[in-house]
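Novice: Below is the structure I would like to discuss, written out as structure tokens.
The values are calculated or read from the model by the stated rules, or taken from the named source; none is laboratory data. This one's a predicted model, so the numbers in the text were calculated from it and none came from an experiment. Note that each Cβ is placed from the backbone with ideal geometry, even for glycine, and that neighbours are counted across all protein chains shown.
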Amino acid sequence: MSDQLFPVPEAIAAKAWVNEATYNAQYDRSLKDPEGFWREHGQRLDWIKPFTKVKDVSFKGDVHIRWFYDGTLNVAANCIDRHLEKRGNQTAIIWEGDDPNESRNITYKELHGEVGRMANLLKAQGVKKGDRVTIYLPMIPEAAYAMLACARIGAIHSVVFGGFSPDSLANRLQDCGSTCLITADEGLRGGKKVPLKKNADEALKASPSVKSVIVVKRTGSPIAMEAGRDVWYHEEAPKLSTDCPPEEMNAEDPLFILYTSGSTGKPKGVLHTTGGYLAYTSLTHQYVFDYQEGDVYWCTADVGWVTGHSYLLYGPLANGATTLMFEGVPNYPDNSRFWQVIDKHKVSIFYTAPTAIRALMREGEEPVKKTSRASLRILGSVGEPINPEAWLWYHRVVGNSKCPIVDTWWQTETGGILITPLPGAIAAKPGSATKPFFGVQPVLLDNDGKVLSGATEGSLCLADSWPGQMRTVYGDHQRFIETYFATFPGYYFSGDGCRRDEDGYYWITGRVDDVLNVSGHRMGTAEIESALVAHPKVAEAAVVGYPHDIKGQGIYAYVTLNAGETPTEELRKELVAWVRKEIGPIASPDLIQWAPGLPKTRSGKIMRRILRKIAANEHNALGDTSTLADPAVVGDLVDNRMNRG
Ligand code: WT7
């Protein structure tokens with residue numbers, strides 16, 4: 001922990017949307033009069049039928065959350081059409097390819113045509129308002145066209161990250177009953193090809209709801225096309241009109257589903273709706289990044305994650321911003337790539353993840369220093385706690401000690417940023433997400449559900465709703481209630497632990513549940529365990545996280561083999577490959593320890609607390625093991641623990 005204070009630079013405060021005085025006044029108002037506050041900020045959108053009702057929320061009983069709920073609007077019209085008059089020729093999206101020689105600027109006018117055409121193609125494929133469309137694409141402009149085209153016709157998109165396996169894709173297609181899939185022949189990342197269509201074909205075998213597949217040509221490698229089901233985007237789109245009238249949607253109609261991992265069971269379909277989501281992402285994008293006219297804004301997240309939805313696409317475009325979309329990776333062709341892209345496109349706001357910063361920090365200052373980065377004004381961080389060492393490096397080396405860093409805490413479920421500095425208003429402490437955004441009421445609770453006050457540490461909950469909050473788990477409202485509102489009745493429980501210091505600054509300490517955060521990617525331990533036990537030689541598995549220098553957390557798996565199976569180095573490799581195939585590369589275990597037995601209570605519950613300690617090399621502090629059914633298993637696990645290297 002660092003208690004160094006980085007004051008707001010005067011030059012930033014002078015021009016910022018929010019400064020210290022206005023932050024305090026507006027924050028107070030947003031809590032005292034949430035209706036008035038959000039009634040005013042709801043006006044930032046173009047409504048077809050203006051809303052009169054602002055908020056209808058209950059965190060108790062059957063839980064319901066509605067915002068601006070008698071208004072109607074269209075998200076694509078708000079992100080494109082309304083900007084045409086003033087910004088038709090302004091760049092909406094800068095696309096930077098994996099290959100440094102490939103990039104393209106797409107104006108708002110061009111975006112309007114491309115989205116209209118994609119929308120008409122969806123309609124021609126039989127997609128109607130309310131239908132689910134799954135998008136399994138690399139970071140190419142068509143991913144943005146596809147999302148906005150769904151929004152335009154009122155279809156609900158579900159974007160699945162291109163790194164997920166055929167099985168993971170199939171589960172997500174089935175869960176929401178998608179009728180249409182949009183994919184590409186292949187993706188391209190760091191010079192390597194990703195076989196998207198091949199994966200999709202495998203997933204489609206198990207996904208009978210999908211009637212049509214739209215395939216974007218990216219690499220041109222030969223792929224299989226199934227007649228009657230698959231169409232090429234580049235063949236069909238040019239036949240269609242670029243004009244597609246936006247569908248009138250209620251503020252509470254679904255906009256998208258995004259699957260995310262929890263502590264138990266299969267990934268949940270987080271459902272976000274139309275009006276509140278867009279108002280919240282657009283307001284936070286403007287204030288948190290202090291977006292000003294002329295800024296070039298770059299969020300490095302993939303559209304497969306919520307950051308790519310809220311702060312690559314919807315928030316920025318709702319604000320008429322210029323947003324950069326990058327197909328590649330930070331270390332290709334070399335470790336200077338991020339900074340070269342910043343210079344090439346004169347990026348002024350840069351938003352990335354701590355894992356990327358730590359990986360680049362390891363390569364030294366030279367790859368950064370050889371670029372100018374003079375255009376940079378604001379830096380952002382998201383996805384996991386940023387360690388002060390990485391924060392300080394980001395600030396000094398990348399930002400030349402002049403750019404404020406916004407460490408933004410939020411979740412797939414929250415839709416937008418909840419705890420964060422505002423660059424012109426809040427002095428930073430490295431490692432702290434600092435203060436709540438307007439309308440956000442964080443509370444820390446102890447294990448008995450008692451609200452803690454002052455400087456303290458506890459479970460991070462939210463006392464009231466904000467417009468960007470998820471509305472339900474798709475198809476399973478009961479699971480929504482149980483996951484987020486049952487632990488601390490009357491509160492939304494984030495699953496994170498948090499400390500509040502004497503200055504009222506919030507410090508996220510990480511998940512308190514069985515969810516891992518590996519390189520800013522969320523993984524449920526239960527998912528990895530069920531992939532492992534699906535292997536014919538595995539009897540039982542328990543997965544925990546351990547501290548990892550680059551990834552934040554690494555994946556440590558304890559595996560018990562079936563009787564008669566021999567633990568070999570080869571089998572270890574086979575299991576890693578197996579999990580990659582079952583879920584995707586992001587779920588690959590870093591370490592697998594053979595466990596003749598797992599520490600269990602007499603009722604058969606695995607005591608992960610003990611496994612976490614062993615994985616973290618803290619085996620001298622295992623705590624009370626007396627309730628174990630067989631305390632002897634612990635000794636063996638400690639003796640044979642894996643070297644974390
Ligand atoms: C979890 C949510 C937010 C979009 C990307 C991740 C962790 C996220 C921070 C931060 C400390 C953070 C939390 C949270 N997290 N941002 N600035 N400081 N922790 O979304 O996949 O839904 O993961 O990421 O543990 O619960 P997600």
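Novice: What pairs can you find where one residue is in segment 471-485 and more than 18 Å from residue 174 (Cα to Cα), the other is of a type in the set (Ser, Thr, Tyr) and at pLDDT 95 or above, and their Cβ atoms are less than 8 Å apart, with a gap of 6+ or different chains?
Specialist: 471/273; 480/472; 484/492; 485/491; 485/492
Novice: Mind checking which pairs have a first residue in segment 606-624 that is outside any helix (DSSP H, G or I) and a second that is of a type in the set (A, V, I, L, M) and buried (at least 16 other Cβ atoms within 10 Å of the Cβ), Cβ under 7 Å, 6 or more apart or different chains?
Specialist: 606/542; 606/598; 607/628; 622/610; 622/634
Novice: Now, a different point. Quick one: how many residues across segment 36-53 are touching a strand residue (DSSP E or B) at 6+ places or on another chain (Cβ under 7 Å) and within 18 Å of residue 439 (Cβ to Cβ)? Walk me through how you get there before you give the answer.
Specialist: First pass over segment 36-53, keeping only residues touching a strand residue (DSSP E or B) at 6+ places or on another chain (Cβ under 7 Å): 38, 45-49.
Applying the additional criterion that residues be within 18 Å of residue 439 (Cβ to Cβ) yields 38, 45.
The number of residues fulfilling the criteria is 2.
Novice: Inside segment 323-342, can you point out the residues that are part of a helix (DSSP H, G or I) and either within 15 Å of residue 417 (Cβ to Cβ) or aromatic (Phe, Trp, Tyr) (or both)? Can you show your working first?
Specialist: Going through segment 323-342, the residues part of a helix (DSSP H, G or I) turn out to be 337-342.
If the condition is that a residue be part of a helix (DSSP H, G or I) and either within 15 Å of residue 417 (Cβ to Cβ) or aromatic (Phe, Trp, Tyr) (or both), then 338, 339 are the ones that fit.
Novice: State all residues of segment 466-490 that are under 21 Å from residue 446 (Cα atoms) and either basic (Lys, Arg) or within 20 Å of the chain's Cα centre (by Cα) (or both); if no residue qualifies, say none.
Specialist: Residues of segment 466-490 under 21 Å from residue 446 (Cα atoms): 481-490.
Within segment 466-490, 483, 484 qualify.
Novice: Looking for something touching a helix residue (DSSP H, G or I) at 6+ places or on another chain (Cβ under 7 Å) and at pLDDT below 95 - is there at least one such residue anywhere in segment 598-606?
Specialist: Scanning segment 598-606, I find at least one residue that is touching a helix residue (DSSP H, G or I) at 6+ places or on another chain (Cβ under 7 Å) and at pLDDT below 95, so the answer is yes.
Novice: Within segment 238-266, how many residues turn out to be more than 30 Å from the chain's Cα centre (by Cα) and aliphatic (A, V, I, L, M)?
Specialist: So the answer is 1.
Novice: If I filter segment 236-254 for residues that are within 16 Å of the ligand (Cβ to nearest atom) and within 27 Å of residue 478 (Cα to Cα), do I get at least one hit? Step through it out loud before you land on a result.
Specialist: So in segment 236-254, the residues within 16 Å of the ligand (Cβ to nearest atom) come out as none.
No; the residues of segment 236-254 include none that is within 16 Å of the ligand (Cβ to nearest atom) and within 27 Å of residue 478 (Cα to Cα).
Novice: Residue under question is residue 486, and the condition is that it be more than 17 Å from residue 64 (Cα to Cα) and either surrounded by 22 or more Cβ atoms within 10 Å (Cβ to Cβ) or of a type in the set (A, V, I, L, M, F, W, C) (or both); does it hold?
Specialist: On the way: more than 17 Å from residue 64 (Cα to Cα): no; either surrounded by 22 or more Cβ atoms within 10 Å (Cβ to Cβ) or of a type in the set (A, V, I, L, M, F, W, C) (or both): yes.
No.
Novice: Only one residue in 575, 571 is crowded, with 17+ Cβ neighbours inside 10 Å, part of a helix (DSSP H, G or I) and either under 29 Å from the mean Cα position of the chain (by Cα) or basic (Lys, Arg) (or both). Which one? Let's see the steps before the verdict.
Specialist: On the way: 571 fails: either under 29 Å from the mean Cα position of the chain (by Cα) or basic (Lys, Arg) (or both).
Result of the check over 575, 571: 575.
Novice: Scan segment 289-307 and give yes if some residue there is crowded, with 22+ Cβ neighbours inside 10 Å, assigned to a loop (DSSP other than H, G, I, E, B) and away from the ligand (no atom under 16 Å from the Cβ), otherwise no.
Specialist: yes
Novice: Return the total of residues in segment 361-398 being within 14 Å of residue 430 (Cα to Cα) and among the small types (Gly, Ala, Ser). Give the steps one after another, and end with the answer.
Specialist: Restricting attention to segment 361-398, the residues satisfying the condition of being within 14 Å of residue 430 (Cα to Cα) are 379-382, 384-396.
Now restrict to residues that are among the small types (Gly, Ala, Ser): 380-381, 390.
Residues meeting the conditions: 3.
Novice: A further question follows. Could you tell me whether residue 320 is touching a residue at least 24 places away in the same chain (Cβ under 8 Å) and assigned to a helix (DSSP H, G or I)? Working first, answer last.
Specialist: On the way: touching a residue at least 24 places away in the same chain (Cβ under 8 Å): yes; assigned to a helix (DSSP H, G or I): no.
No, not satisfied.
Novice: Being more than 14 Å from the ligand (Cβ to nearest atom) and of a type outside the set (Ser, Thr, Tyr) is the filter; apply it to segment 258-270 and report the residue that is surrounded by the most Cβ atoms within 10 Å (Cβ to Cβ).
Specialist: The first filter runs over segment 258-270 and keeps only residues more than 14 Å from the ligand (Cβ to nearest atom), leaving 264-266.
So of that shortlist, the ones also of a type outside the set (Ser, Thr, Tyr) come out as 265-266.
Numbers: 265: 14, 266: 16.
Among those residues, the one meeting the criterion is 266.
Novice: Here are the criteria: (1) within 26 Å of residue 275 (Cα to Cα); (2) surrounded by fewer than 16 Cβ atoms within 10 Å (Cβ to Cβ). Tell me which single one residue 466 does not satisfy.
Specialist: (2)
Novice: When you scan segment 326-338, do you find a residue that is buried (at least 22 other Cβ atoms within 10 Å of the Cβ), under 29 Å from residue 522 (Cα atoms) and within 16 Å of the ligand (Cβ to nearest atom), even just one?
Specialist: no
Novice: Would a scan of segment 421-438 turn up a residue that is without any contact (Cβ under 8 Å) to a residue 60 or more places away in the chain, within 15 Å of the ligand (Cβ to nearest atom) and not in a loop (DSSP other than H, G, I, E, B)?
Specialist: no
Novice: Something else now. Considering each residue of segment 272-286, count those that are surrounded by fewer than 24 Cβ atoms within 10 Å (Cβ to Cβ) and within 16 Å of the ligand (Cβ to nearest atom), and give that number. Walk me through how you get there before you give the answer.
Specialist: At the first step, the residues of segment 272-286 found to be surrounded by fewer than 24 Cβ atoms within 10 Å (Cβ to Cβ) are 286.
From what's left, within 16 Å of the ligand (Cβ to nearest atom): none.
Going through segment 272-286 one residue at a time, the tally reaches 0.
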